[in-house]
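Bear in mind these aren't lab numbers, they're just calculated from the coordinates by the rules spelled out. Computed from a predicted structure; not experimentally measured. Cβ sites come from the backbone with ideal geometry, for glycine too, and all protein chains shown count toward neighbours.
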Amino acid sequence: MQIIKISDEVTSALKNNRPVVALESTIISHGMPYPQNVETARMAEKIVRENGCVPATVAVISGVLTIGCSDAEIELLGKKGTSVVKVSRRDLPIVVAKGLDGATTVAGTMYACSLAGIDVFATGGIGGVHRHADKTMDISADLDELQQTSVAVVCAGAKSILDIGLTLECLETRGVPVIGYKTSDMPAFYTQKSGFKTDYELDSAKEIAQAIYAKKQLKLNGGMLIVNPIPNEYSMDSDYINSNIEQALTEADAQGISGKNITPFLLDKIQKLTCGQSLAANIQLVFNNIRLACGIAKELCNLK
Ligand code: PSU
Ligand code: MN
């Protein structure tokens with residue numbers, strides 16, 4: 001039985017060295033409420049196309065790892081929401097064997113990209129080292145995936161639901177370059193600055209593509225993290241968002257939420273506490289990341 005499906009459009013683009021940008025699906029099922037999640041996922045694909053690339057939304061559909069979901073599949077994931085499995089690397093074999101629907105995280109999507117030969121992937125934020133990880137050991141599998149899987153991930157940094165300093169330390173240990181696009185500040189998702197610095201600043205999609213290409217030529221396995229700050233007009237007040245994040249963390253703690261449920265719980269709480277303000281920012285930063293990812297994907301095709 002076929003367990004991996006790459007859409008005809010994505011297959012043909014890859015074969016002809018046309019730029020492809022992958023998109024994850026946990027952000028649809030577990031990261032945003034319906035119907036904004038489906039609208040965002042559709043708009044995300046539209047922006048990829050408008051920027052001259054082919055979108056490849058990744059998910060597991062009835063046990064098939066699907067690279068290049070159809071519109072109906074995106075709708076299904078959005079409607080089913082958190083009732084579909086959140087699929088990181090460790091979940092993939094079980095969800096496929098059981099024939100379930102699943103939404104891929106950054107780690108799951110990166111792995112799918114590597115199977116298909118997709119070099120560039122755009123999302124909102126990555127998972128990382130949770131606060132108090134010294135006690136909980138809660139470190140996202142996204143970081144280990146970045147260590148081993150050769151895909152460039154464009155994101156808006158990491159949310160301060162995480163310990164951003166420790167997340168950067170873990171990325172360094174794993175040999176993952178963190179590149180700030182037009183900035184040397186590590187962005188904090190809703191805000192442009194976290195107080196931490198990136199390893200490098202590169203100021204054009206071309207320079208970033210050159211770095212990805214050099215990494216490939218050097219046969220250095222593993223990903224690259226490109227951090228793209230939220231546009232100023234959509235960025236949130238840092239005191240406001242951080243106090244809401246603190247409150248969400250306190251509630252998660254009180255309810256004993258842990259493991260794979262913690263990130264979706266916090267995202268939902270923060271969206272409710274900010275009356276949708278954080279959701280609006282989240283959507284815009286995803287679009288902004290997609291535009292940069294398209295620029296990088298096109299430059300990379302020119303180098304190949
Ligand atoms: N961070 C966000 N939005 C998200 C996620 C993270 O700001 O939607 C999702 C991504 O799919 C990411 C996953 O890969 O959560 C990380 O989950 P965990 O911390 O359980 O590894
Ligand atoms: Mn975790």
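Run through every distinct alpha carbon pair of the range 239-304 and return the Kirkwood hydrodynamic radius in angstroms, one decimal place.
13.9 Å
Projecting each Cα onto the charge dipole of the chain (Lys/Arg +1, Asp/Glu -1 at the beta carbon, about the Cα centre), which of Asn244, Gly52, Pro33 comes out farthest on the positive side?
Projecting each Cα onto the dipole axis, the largest value belongs to Gly52.
Run the quick spin-label model on Gln255 and Asp71: label points 7 Å from Cα toward the beta carbon, then report their separation in nm to one decimal.
Here the modelled spin labels are 3.5 nm apart.
Can you give the Kirkwood hydrodynamic radius for the chain, in Å, rounded to one decimal and based on Cα pairs?
18.9 Å
Quick one: pull the percentage of alpha-carbon pairs in the range 90-235 with a separation above 27 Å.
That fraction is 20 percent.
In what sequence do Lys269, Lys182 fall when counting other Cβ within 10 Å, fewest first?
Ranking Lys269, Lys182 by Cβ neighbours within 10 Å, fewest first, gives Lys182, Lys269.
Ignoring everything except DSSP H segments at least 4 long, calculate the 222 nm mean residue ellipticity for the chain; use -39,500 (n - 2.57) per segment, divide by total residues, nearest 500.
The helix contribution divided over the chain gives -14500 deg cm²/dmol.
7 Å from Cα along Cα→Cβ at both Glu39 and Gln210: what's the point-to-point distance in nm?
4.1 nm
With the cut-off at 19 Å, report for the range 177-304 the share of all Cα pairs above it, as a whole percent.
57 percent
With +1 on each Lys and Arg Cβ and -1 on each Asp and Glu Cβ, and nothing else charged, work out how big the dipole of the range 88-190 is about its Cα centre, in Debye to the nearest 20.
140 debye
Counting alpha carbon pairs within less than 8 Å and at least 6 residues apart, what relative contact order, in whole percent, applies to the chain?
Averaging sequence separation for qualifying contacts and normalising by length gives 20 percent for the chain.
With only alpha-carbon atoms counted, please give the Rg and Dmax of the range 156-229, in Å.
Expressed in Å, the Cα Rg and Dmax of the range 156-229 come to 12.2, 36.
So if the hydrodynamic radius of the range 5-44 is defined as the Kirkwood radius over C-alpha pairs, what does Stokes-Einstein give as its diffusion coefficient at 37 °C and 0.692 mPa s, in µm² per second? The partial results should precede the final answer.
Working: Rh = 11.6 Å.
It diffuses with D of about 283 µm²/s by this estimate.
Residues with amide H under 5 Å of Gly180's amide H, sequence separation 5 or more or different chain, H placed in the peptide plane at 1.01 Å from N; which?
Amide H neighbours of Gly180, under 5 Å, 5+ apart: Asp199, Tyr200, Glu201, Leu202, Val227.
Quote to one decimal, in nm, the extra length available between Gln2 and Leu303 on full extension: 0.36 nm per residue of separation minus the C-alpha distance between them.
The span from Gln2 to Leu303 would gain 105.0 nm if fully extended.
Nearest 5 percent is fine: what portion of the DSSP beta bridges confined to the chain is antiparallel?
Antiparallel bridges make up about 30 percent of those DSSP assigns within the chain.
At a 10 Å Cβ-Cβ cut-off, how would you order Cys275, Cys69, fewest neighbours first? Write out the running numbers ahead of the final one.
On the way: Cys275 9, Cys69 25.
The most exposed by this proxy come first: Cys275, Cys69.
Ranked by Cβ crowding within 10 angstrom, fewest neighbours first, how are His30, His132 ordered?
The fewest-first ordering by Cβ neighbours comes to His132, His30.
Given +1 on the Cβ of Lys and Arg, -1 on the Cβ of Asp and Glu, and no further charges, what dipole in debye does the range 183-299 carry about its Cα centre, rounded to the nearest 20?
620 debye
Which value, in debye to the nearest 20, gives the size of the charge dipole of the range 9-150 about its Cα centre, when Lys and Arg are +1 and Asp and Glu are -1 at the Cβ?
With only Lys, Arg, Asp and Glu charged at Cβ, the dipole is about 120 debye.
Per the Debye formula with a single identical scatterer at each Cα and no solvent contribution, what log10 I(q)/I(0) holds for the range 190-259 at q = 0.21 Å⁻¹?
The calculated log intensity ratios at q = 0.21 Å⁻¹ are -0.96.
Give me, ordered by chain and number, the residues 5 or more places off Ile67 or on other chains with an amide H under 5 Å from its own placed amide H.
The answer is Lys5, Ile6, Ser7.
Taking a temperature of 20 °C and a viscosity of 1.002 mPa s, what whole-number D in µm²/s does Stokes-Einstein yield for the range 1-82 with Rh from Kirkwood over alpha carbon pairs?
167 µm²/s
Quick check: residue separation of Gln247 and Ser83 times 0.36 nm, minus the Cα distance between them. What number comes out in nm?
56.5 nm
Checking the cross-link filter: which lysines have an alpha carbon closer than 28 Å to that of Lys219, excluding same-chain neighbours under 8 positions apart?
The reachable lysines, counting only those whose Cα sits under 28 Å from Lys219, are Lys5, Lys15, Lys182, Lys197, Lys206, Lys298, Lys304.
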